[in-house]
Amino acid sequence: MTETQFTPRVFSGIQPSGNLHLGNYLGALKRFVDMQGPDMETVYCMVDLHAITVWQDPKELAHSTRELCAGFIAAGIDPERSILFNQSQVPEHAQLAWVFNCVARMGWMQRMTQWKDKAGKNQQNASLGLFAYPSLMAADILTYHATHVPVGDDQKQHLELTRDIAIKFNKDFGVDFFPITEPVIEGAATRVMSLRDGSKKMSKSDPSDMSRINMTDDADTIARKIRKAKTDPDALPSETGGLEDRPEARNLVNIYAALNDQTVEQVLADVGGKQFGEFKPMLAELAVAKLSPISSEMARLMGEEAEIDRILARGAEKARAIAAPILQQTYEIVGMVGAGKA
């Protein structure tokens, strides 16, 4: 069987669950922006179908979807260079997910760490969507024949499942139709931790607003949160080995490195020996310079909801131009009668 040459294409999505924060920016949005270019087609999505695997207030979901779109654009995603849309406007995602539900195995889904974490001991009362949503995630990626997906460490397992589904589909039907998507995991701060506890991931669900920098925070709030971030009494080391067993120090250095497009080694070469009383103002100044323009632009965009809706609708048209033929070919491979009709 001749190996298919797939167009280099990136796909990634973020749930519109509200409260975009620094972890979302450094772990996802900034990397999405950096991947825009002539060598790779970029497809970015607000995955609102994933959001409803747990109950959402309809008004809040609509607001969060528009706010996330504003965050994408304010961070530097250009709707003319990338395809930007919300998932529910492209029905091919859900249609391909059903095919993949019939390819994936129950045992694969039951092994998913996020299923175990989110459903916990109350699995019988969790939604079927929450159980099956890794299959929808695979469809999100493969309905565009995406070759690369930028993911955080916590999503690697889901991408492995996507690869497993693609391999099984190709083997079951004797085709080389779906690509074996490659993860893109890079950068100093792919996993940003809480400003109050360096052992926990930065999260919108943390009851303390001081634990995170929200992408809607103004300059004064950003600076205050960094000044009050938890640290330890020791000076910063000059080498990365000195950050072992110092989670808060490691987190702040990682954030500085990611915001300044440096490696951790480069940062430590500059700041090694400094106390946090000297380093925190440096980090605060950098964070304000990088983040406050984004929050200001998000606020401006949210005042133009009709324009956001227009951008999403146009992006959905572009997305369907890719997704519809791939779904049609999938149906033909599976044996669906009439799938070849326009």
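Structure notes:
- Selection count where residues are hydrophobic (A, V, I, L, M, F, W, C) and in contact with a strand residue (DSSP E or B) (Cβ under 7 Å, 6 or more places away or on another chain), scope segment 113-159: 5
- Residue within segment 8-20 that is surrounded by fewer than 21 Cβ atoms within 10 Å (Cβ to Cβ), in contact (Cβ under 8 Å) with a residue 60 or more places away in the chain and out of contact with any helix residue (DSSP H, G or I) (no Cβ under 9 Å at 6 or more places or on another chain) present: yes
- Residue match in segment 210-229 (condition: assigned by TED's automatic domain parsing to the domain that holds Pro16 and either of a type in the set (Asp, Glu) or over 25 Å from Arg250 (Cβ atoms) (or both)): no
- Within segment 155-214, tally of residues that are basic (Lys, Arg), exposed (fewer than 15 other Cβ atoms within 10 Å of the Cβ) and assigned to a helix (DSSP H, G or I): 2
- Of the helices (runs of 4 or more DSSP H) lying entirely inside segment 44-111, those containing at least 3 residues that are touching a residue at least 40 places away in the same chain (Cβ under 8 Å) and either outside the structural domain of Leu159 (by TED's automatic domain parsing) or under 16 Å from the mean Cα position of the chain (by Cα) (or both) span 48-51, 58-75.
- Helices (runs of 4 or more DSSP H) enclosed by segment 254-342 - at least 1 residues per element that are buried (at least 19 other Cβ atoms within 10 Å of the Cβ) and hydroxyl-bearing (Ser, Thr, Tyr): 276-302, 305-334
Every residue, every condition in (1) over 25 Å from Met202 (Cβ atoms); (2) modelled with pLDDT of 95 or more; (3) not assigned by TED's automatic domain parsing to the domain that holds Ala62, yes or no:
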site: Thr263; (1), (2), (3): no, no, yes
site: Pro281; (1), (2), (3): no, yes, yes
site: Ala284; (1), (2), (3): no, yes, yes
site: Ala287; (1), (2), (3): no, yes, yes
site: Ser292; (1), (2), (3): no, no, yes
site: Ala319; (1), (2), (3): yes, yes, no
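- Selected residue [buried (at least 18 other Cβ atoms within 10 Å of the Cβ), more than 22 Å from Leu20 (Cβ to Cβ) and out of contact with any Gly (no Cβ under 7 Å at 6 or more places or on another chain)] from Ser135, Ser82, Ser127: Ser135
- Evaluated against (1) out of contact with any Asp or Glu (no Cβ under 6 Å at 6 or more places or on another chain); (2) closer than 14 Å to Ala138 by Cβ, Gln123 falls short on exactly one condition, (2).
Residues checked against (1) over 18 Å from the mean Cα position of the chain (by Cα); (2) in the same structural domain as Ile322 (by TED's automatic domain parsing); (3) among the aromatic types (Phe, Trp, Tyr):
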{"position": "Ser127", "(1), (2), (3)": "yes, yes, no"}
{"position": "Ala132", "(1), (2), (3)": "yes, yes, no"}
{"position": "Ala139", "(1), (2), (3)": "no, yes, no"}
{"position": "Gln155", "(1), (2), (3)": "no, yes, no"}
{"position": "Glu160", "(1), (2), (3)": "no, yes, no"}
{"position": "Lys168", "(1), (2), (3)": "yes, yes, no"}
{"position": "Asp172", "(1), (2), (3)": "yes, yes, no"}
{"position": "Leu195", "(1), (2), (3)": "yes, no, no"}
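- Count of segment 291-341 residues which are touching a helix residue (DSSP H, G or I) at 6+ places or on another chain (Cβ under 7 Å) and of a type in the set (Val, Ile, Thr): 6
The values are calculated or read from the model by the stated rules, or taken from the named source; none is laboratory data. Remember, predicted model here, so these are calculated numbers, not experimental data. Cβ: placed from backbone, ideal geometry, glycine included. Neighbour counts: every protein chain shown.
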